[in-house]
Every structure is written in C-alpha cells, then in structure tokens.
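Structure, as structure tokens:
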Amino acid sequence: MYFTVVKNVLDHCIPLYASLSGLTVEDVYRLIEKHIKKTRNEHRSPDPSIDYENPLCRLGYLYVHVGANATLFERTLLQTPHLARVIENAARGVLTVCAVGGGPGTELLGLTEFITKKLDIPPRRLRFTVLDRVAQWGESWSVLADQCRSIFDAHFHDLGFSLSIESNFQPMDVTDPSSYANYGWLFKSTDIFVFNYLVSENKVRMDAFRNALAAIVDASRSGATFVFIDRLEADGAFSASIKQTIQDVRLCFVNDFTLGESMDDSESDLGDYPKHLKARPRRWFRTKCNLNPTVFVVVAQKALEQGPVS
C-alpha cells in the first residue's frame, strides 16, 4: 500500500507543480533528483540543514522516506500489544494521535495499514495532529490524509462502518519548550504521541528536546502513550541517551526493541519513478554487510494517576 500511495501523490503533485511553474515534467524530475542527493548528504550530519520549505525537496523526501517510516510505525504497532489495545479500545469511538515533528504525517499511513489489516471494528473518528516547524509540510500532509481517507472508505464501506479523519497541522518548533506554553488542552486528550526520526535530526539540541518533551508530558493526560522510533547507531550511545531522556521526564517503559528487516512493498508499485528520479526509495532497516538492525523503538507511558484511598 505504501508505494502505491507515494506514486499517487507524485502523480498528482509533479504535473501540477510543473504546470504552475512553467517547467516540463522532466525538469521537475531533475530538480527532485538534486534535492534527494542533497538531503541524503545532509542526513549524515548531526545537525542537518534540509530545505523542507521547498516543495520539490518535500516530494523527494516523500519518495525516499515515507514508505519506510510508515512501515516502521506499523511494525511498532504490531510488536507492541499495549499500542494495539489502545487502538482497539477506540472501536466506534475516537482515537487521537499526535506526530511530533511529523512532517508529512507519515505515521497516519502506518496507522491506516494497521487498522485495515487488524481491526474488525474501527474507530468512528481518527483525530490526527501533526506538529512541525516547517509550515509548508501542511500541504503535503493534506494530500496524504486524503489518500488515507480513500483507503478507509474503500475498505470499510461494504462492512458498514464509517471512519472519518480529522487532520490538523500546527506549525511550531517542536524542540523549543516555549512553543508549548500557550496551548491549553491540545495534548490533554491525545492517546498516542509519536516521535519518528525527530531526535536524530536534532542531536545537537538534546537539552532543548529534553525540556520540550517534559513540557509535552506535563500537558498530556495520565496514561498517554509515547512512541520513539529512530536510528540505531553502532556504539549504542544515541539510543541510550534517548532512553535516559525518557526516564528523566518520568515516563514508564512499556516496550524496547530493534527493527532490522526490510519493507514488503515492491518497488514496481512506484512505476517509472526510480528511473525518472535516478534514486531508489529507502527499504532496508539493516546494515548491508553484517545485517545488524539499524532502527530502535521505545514505547513508554505516562503513569496512571492513583485514585484516592478510601
């Protein structure tokens, strides 16, 4: 499903951008190719500078990373019974998810796949909020949300269910603790917070991230679940620092594991885009030589409040 969705987005956005910009589609392919190469090089830096404000950079990111990151979130749901119960408990009700630094809302795709595969009775309403510094991700997010609406409609219509998606986008610097000061109730009803490859793009701002995470935890409800998916480095220092941060903000560990396989989707679902963009999408979650996992996952929960003792 993931590469099919990515292809649908590219099919829609590339000719439209070419027409609006007075370019040929082939010109747009070449420009996206350049952005893909530049973004790949920046990801090797501890403080990457990526031009997400540029629509062609965002399309390059969608092509390379959206399928992989959606797969990682889906597999996290499959491997964590606690998360599966949270979603199942929202049957015929409301499920609220917040993707922190979520860019295009990749996690909604993974959640859509999980719900259509695993749930007999879906939530009645899915309230999904993306927080991201780059306001322009909002237009990419709306396109992906429309794709997910179509998938839900096609899957559940004949089963007699209706699942609506309320897609929200809040432009904010998620690593700045002051960004959360003027929100009153946005986080109080959230069931699941997701941090998917956010911290590895902000390694030089770990102290700020720790304080920002503390602000989110303070504003969240008792029992809220927090999901961290990120790059597993060989020496283990980065994942260890994330776990220490989770402890520092008084979250309780629920699950902790690595992912090291590959996507199931075939690149043929992307049509001719690998040839047009002269790049392959990210599909593997393990090293080439020794096949070590390259992704770690930590699931944590805010402690449940204890009722008064009678």
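Quick one: in the stretch 140-159, of everything that is at pLDDT 90 or above and of a type in the set (D, E, K, R), which residue is farthest from F169 (Cα to Cα)?
Looking at residues that are at pLDDT 90 or above and of a type in the set (D, E, K, R), I get D153.
Can you find, within the stretch 194-214, the residue that is nearest to L109 (Cα to Cα) among those that are among the hydrophobic types (A, V, I, L, M, F, W, C) and either in contact with an Asp or Glu (Cβ under 7 Å, 6 or more places away or on another chain) or surrounded by fewer than 19 Cβ atoms within 10 Å (Cβ to Cβ) (or both)?
Among them, the one singled out is V194.
When you look at E139, is it of a type in the set (D, E, K, R) and under 16 Å from F73 (Cβ atoms), yes or no?
The answer is no for E139.
Picking from F228, F253, which residue would you name as being farther than 30 Å from H12 by Cβ, in contact with a strand residue (DSSP E or B) (Cβ under 7 Å, 6 or more places away or on another chain), loosely packed, with under 13 Cβ neighbours inside 10 Å and of a type in the set (F, W, Y)?
Going through F228, F253 in turn, just one is farther than 30 Å from H12 by Cβ, in contact with a strand residue (DSSP E or B) (Cβ under 7 Å, 6 or more places away or on another chain), loosely packed, with under 13 Cβ neighbours inside 10 Å and of a type in the set (F, W, Y): F253.
Of everything in the stretch 184-208, what is closer than 26 Å to S222 by Cβ and free of Cβ contacts under 8 Å to residues at least 12 places away in the same chain? Give them in sequence order.
Answer for the stretch 184-208, where residues must be closer than 26 Å to S222 by Cβ and free of Cβ contacts under 8 Å to residues at least 12 places away in the same chain: G184, W185.
Confirm whether V28 is in contact (Cβ under 8 Å) with a residue 24 or more places away in the chain, crowded, with 21+ Cβ neighbours inside 10 Å and within 27 Å of I121 (Cα to Cα).
no
For the stretch 38-56, how many residues meet the condition of being under 15 Å from Y273 (Cα atoms) and modelled with pLDDT under 95?
Count: 0.
Which of the residues belonging to the stretch 234-260 are closer than 24 Å to L78 by Cβ, charged (D, E, K, R) and not in a strand (DSSP E or B)?
Listed by number, the list holds a single entry, K243.
Each row is one residue, and each column tells you yes or no for (1) under 16 Å from F195 (Cα atoms); (2) part of a helix (DSSP H, G or I).
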position: V28; (1), (2): no, yes
position: K37; (1), (2): no, yes
position: R40; (1), (2): no, yes
position: A70; (1), (2): yes, yes
position: F73; (1), (2): yes, yes
position: T96; (1), (2): yes, no
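Hey, T24 hits all of (1) among the polar types (S, T, N, Q); (2) at pLDDT below 95; (3) over 19 Å from the mean Cα position of the chain (by Cα) but one; which does it fall short on?
Here T24 meets the rest and fails (2).
Mind listing whichever residues of the stretch 126-166 are touching a Ser or Thr at 6+ places or on another chain (Cβ under 6 Å) and over 29 Å from Y52 (Cβ atoms)?
H155
Yes/no matrix, rows are residues, columns are (1) among the basic types (K, R); (2) farther than 25 Å from L259 by Cα:
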site: A84; (1), (2): no, no
site: A99; (1), (2): no, no
site: G103; (1), (2): no, no
site: T112; (1), (2): no, no
site: K118; (1), (2): yes, no
site: W137; (1), (2): no, yes
site: S150; (1), (2): no, yes
site: H155; (1), (2): no, yes
site: N168; (1), (2): no, yes
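Take L10 and tell me if it is among the aliphatic types (A, V, I, L, M) and part of a loop (DSSP other than H, G, I, E, B).
No; evaluated as a whole, the condition is false for this residue.
Could you tell me which numbered condition L126 fails, if it satisfies all but one of (1) out of contact with any Lys or Arg (no Cβ under 9 Å at 6 or more places or on another chain); (2) assigned to a helix (DSSP H, G or I)?
Of everything listed in (1) out of contact with any Lys or Arg (no Cβ under 9 Å at 6 or more places or on another chain); (2) assigned to a helix (DSSP H, G or I), L126 misses just condition (2).
Return only the number of the condition from (1) at pLDDT below 90; (2) basic (K, R); (3) assigned to a loop (DSSP other than H, G, I, E, B) that K203 does not satisfy.
That leaves (3) as the condition not met.
When you scan the stretch 61-73, do you find a residue that is touching a residue at least 40 places away in the same chain (Cβ under 8 Å), among the small types (G, A, S), crowded, with 22+ Cβ neighbours inside 10 Å and closer than 23 Å to V298 by Cα, even just one?
Yes: one or more hits.
Checking the conditions here, which among F187, F169 is at pLDDT below 95, more than 27 Å from P281 (Cα to Cα) and in contact with a helix residue (DSSP H, G or I) (Cβ under 8 Å, 6 or more places away or on another chain)?
Exactly one of F187, F169 is at pLDDT below 95, more than 27 Å from P281 (Cα to Cα) and in contact with a helix residue (DSSP H, G or I) (Cβ under 8 Å, 6 or more places away or on another chain), namely F187.
The values are calculated or read from the model by the stated rules, or taken from the named source; none is laboratory data. As the structure is a computational prediction, the values presented were derived from the model and not from experiment. Using ideal geometry, Cβ is built from the backbone for each residue, glycine included, and neighbour counts are taken over all protein chains shown.
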